[in-house]
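Trainee: Below is a structure I'd like to ask you about.
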Amino acid sequence: MKRNDVSLKEFCSQLEIVERMNPRDACYGGTTNATRLFYDGEAKYIDFTSLYQYVNKYCSYPTGHPEIITNNFGDISEYFGIAKCSILPPRGLYHPVLLFRSNENLHFLYAHRVFKHVAAHVGMKIEIAF
């Protein structure tokens, strides 16, 4: 049917199918950053591991079956849970805070122009779940 019907073929080519969110896709571990490559003095490495236990004890988590909202949603501050959305990094960042995985590599984005260049180069719409 799709082969013979031109309007159906055109409709299918314009569809943007979004996969369901997997919350684990938002978890990235083991990332480090060198803010100064040469330092004349004692170097220190600080690992934040105790935050995980604090969050598990004192913070709230979404529970139960998810309510999947794909359209007609209000301001994101009205919801409690996990959102899958497309975002751009804020302007003027010194430390990159947004990252995505492509070809089993992590990429950190710190500027709008870098984000757009990487998205065009990778050939995909980058969606970051948080």
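Laboratory data are not the source of any read-out in this text; all were calculated from the coordinates shown. Computed from a predicted model, the values in this text were never measured in an experiment. Note that we place each Cβ from the backbone using ideal geometry, even for glycine, and neighbour counts take in every protein chain shown.
Trainee: What order do you get for 65, 107 when you list them from fewest to most C-beta neighbours inside 10 Å?
Mentor: Least crowded to most crowded, the residues run 65, 107.
Trainee: Let me ask you something else. Between residue 98 and residues 5 or more places away or on another chain, which pairs have amide H atoms under 5 Å apart, with H built 1.01 Å from N, and which residues are they?
Mentor: Correct list: 109.
Trainee: Short version: ³J(HN,Hα) in whole Hz for each residue of region 77-82, in order, from phi by Karplus 6.51 cos²θ - 1.76 cosθ + 1.60 (θ = phi - 60°), x for Gly and Pro, what are they?
Mentor: 6, 7, 10, 10, x, 10
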